[in-house]
Every structure is written in C-alpha cells, then in structure tokens.
Amino acid sequence: MLNIHTHKLPADPSEPFVLNCNIGEVPVSVERCSVGLHPWKVDAEWRDMMPVLRRDVILPNVVAIGECGLDGLRGGDMNMQVDAFCAQIQLSEEVGKPLIIHCVRKFDLLLQLHKKYNPRQLWIVHGFRGKPELAMRLTKAGIRLSFGEKFNPESLKAVVSAGSSFYIETDEADLSLSEVQASVQKHISRQS
C-alpha cells in the first residue's frame with residue numbers, strides 16, 4: 001500500500017508515501033512528493049505562485065499535483081479558487097501527473113469541471129468522508145477516492161462493492177499507514 005497523501009514523514013522509513021509539500025519547498029531527499037496550490041491559500045496573488053509551481057511539478061520526485069481543489073467553507077473567493085484549480089488541471093494534463101484534490105462542499109462543481117476537462121490524468125479526492133451516493137457519483141465519473149483516519153464506512157463499502165479502486169492516506173494524523181490500513185480492512189472484512 002502507498003500512503004497517497006501525508007503531511008508528515010513516517011516513523012517507519014520503509015513505508016511508501018507521497019509527501020505533500022509547499023510550493024517552492026520540495027525536498028530532493030524525499031522519493032515521492034506532491035505539490036500544489038491549496039484552496040485555502042488562494043488569494044488575489046495566486047497567479048504569482050504558478051511559475052514556481054510549474055518549476056516544482058517537473059521535478060522527478062514530484063509524482064502528483066496537489067493538494068489543490070475547491071473548498072466551500074474556507075479559503076479564497078470561489079471564483080479565484082475555480083481559476084486556480086483549473087490552472088492546475090491544465091498543468092496536470094500538460095506534465096502528465098495526477099491531481100490530489102481537496103474538496104469540501106463543492107462536489108457538484110468538481111464533477112462539472114471533470115466533465116468539462118475530460119482529463120487523461122487521474123483525479124484523487126483525498127480524505128473522503130462523504131456519503132455512499134456521492135462516493136458512487138465520483139467513482140462512476142472516474143474520480144478515485146482516498147480514505148484516511150476518519151471515513152464513512154458505508155462509502156468505503158459502496159466503493160469496494162462496486163469493485164472500484166481506492167487509496168489510503170494518513171494526511172495530518174498521528175497514525176501509521178498500517179494503522180489506517182487496519183481500520184479500512186476491518187470495515188471491508190465486516191461486509192464480506
């Protein structure tokens with residue numbers, strides 16, 4: 001298993017992970033990183049960060065763009081968030097790297113943008129906690145989900161029952177990947 005999204009270096013150096021990094025701060029010593037403009041950091045000057053992000057995403061150890069996305073509760077003006085997210089969608093397609101997506105209360109808009117861009121690159125919604133119906137809408141559209149410390153067991157069950165692939169993550173939790181994996185596995189086993 002690969003920890004698809006973490007903000008912390010794992011205690012176990014053998015644990016495979018993708019470290020979420022800030023723009024302009026990608027450590028060359030980490031094998032797999034993601035970097036993107038988080039919707040909470042989108043402001044009137046977001047475009048000024050794009051040249052630095054563009055340089056970061058072509059680094060060989062950067063395997064994904066993100067976390068990026070849309071947040072209906074927090075962050076910059078929604079129009080600016082959409083513009084910044086669309087710029088990162090286009091960058092993802094240009095460099096051939098998937099998106100790690102932060103999405104809060106803007107899933108209809110996310111699905112509209114996915115349909116509009118019809119991306120070749122994978123979109124992964126990290127830390128998914130939504131309802132099973134939403135999980136199925138996203139996976140049917142071709143968007144993958146990542147489950148972390150807190151998740152809706154019924155959504156996990158729906159994804160597994162549909163035969164859809166998914167990811168696991170630690171995000172900002174003080175848990176190991178194996179602890180999150182055990183929790184996910186426990187819920188999968190209950191449905192068997």
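The values are calculated or read from the model by the stated rules, or taken from the named source; none is laboratory data. Everything numeric in this text was worked out from a predicted model, so none of it was measured. A quick note on method: Cβ atoms are made from the backbone with ideal geometry, for glycine too, and the neighbour counts reach across all protein chains shown. Quick note on the areas: whole protein, heavy atoms, side chains included, nothing else; ligands and nucleic acids left out. Shrake-Rupley method; radii C 1.70, N 1.55, O 1.52, S 1.80 Å.
Structure data summary
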{"quantity": "Partner lysines for residue 115 [C-alpha distance under 17 Å; skip if fewer than 8 residues away on the same chain]", "calculated": "106, 140"}
{"quantity": "Region 140-187, accessible surface, carbon-and-sulfur percent (1.4 angstrom probe)", "calculated": "44 percent"}
{"quantity": "Packing rank of 123-135, 13-25, where each peptide gets the mean count of other beta carbons within 10 Å, highest leading", "calculated": "123-135, 13-25"}
{"quantity": "Positive-end residue of 28, 69, 173, charge dipole of the chain with Cβ unit charges", "calculated": "69"}
{"quantity": "Amide H contacts under 5 Å for residue 104, placed H, 5+ residues apart", "calculated": "70, 71, 72"}
{"quantity": "Long-range HN-HN contacts of residue 17 with modeled amide H, under 5 Å", "calculated": "3"}
{"quantity": "Cα-derived Rg to Rh of region 124-170, Kirkwood definition", "calculated": "0.90"}
{"quantity": "Table column - 3J(HN,Hα) (Hz), region 21-28, Karplus curve with 6.51, -1.76, 1.60, x for Gly and Pro", "calculated": "10, 7, 4, x, 10, 7, x, 6"}
{"quantity": "Isotropic mean projected area of the C-alpha convex hull, region 18-58 (nm²)", "calculated": "2.9 nm²"}
{"quantity": "Charge dipole magnitude, Cβ of K and R +1, D and E -1 - the chain, Cα centre, debye nearest 20", "calculated": "800 debye"}
{"quantity": "Rounded D (µm²/s) - the chain, Kirkwood Rh over Cα pairs, Stokes-Einstein at 10 °C, 1.306 mPa s", "calculated": "94 µm²/s"}
{"quantity": "Value of Rg to Rh for region 86-164 (Rh from inverse mean 1/r over Cα pairs, i.e. Kirkwood)", "calculated": "0.96"}
{"quantity": "Accessible area per residue in Å² at 1.4 Å probe, computed on region 56-112", "calculated": "39 Å²"}
{"quantity": "For residue 122, distant residues with modelled amide H under 5 Å away", "calculated": "99"}
{"quantity": "Diffusion coefficient, µm² s⁻¹, Stokes-Einstein with Kirkwood Rh over alpha-carbon pairs of region 1-93 at 25 °C and 0.890 mPa s", "calculated": "180 µm²/s"}
{"quantity": "Distance cut-off 20 Å, percentage of C-alpha pairs in region 39-121 lying past it", "calculated": "28 percent"}
{"quantity": "Ordering of 169-177, 29-37, 157-165, 90-98 by burial proxy (mean other Cβ atoms within 10 Å per residue, highest first)", "calculated": "29-37, 169-177, 90-98, 157-165"}
{"quantity": "With every protein chain in place, region 17-97: carbon and sulfur % of accessible area (1.4 Å)", "calculated": "52 percent"}
{"quantity": "Per residue, in Å², the accessible surface of region 151-192 once ligands and nucleic acids are set aside, probe 1.4 Å", "calculated": "53 Å²"}
{"quantity": "Three-way shape label, region 82-122, alpha-carbon gyration tensor, a/c 1.5", "calculated": "prolate"}
{"quantity": "Inter-part distance where region 72-103 and region 113-152 are each reduced to a Cα centre, Å", "calculated": "14 Å"}
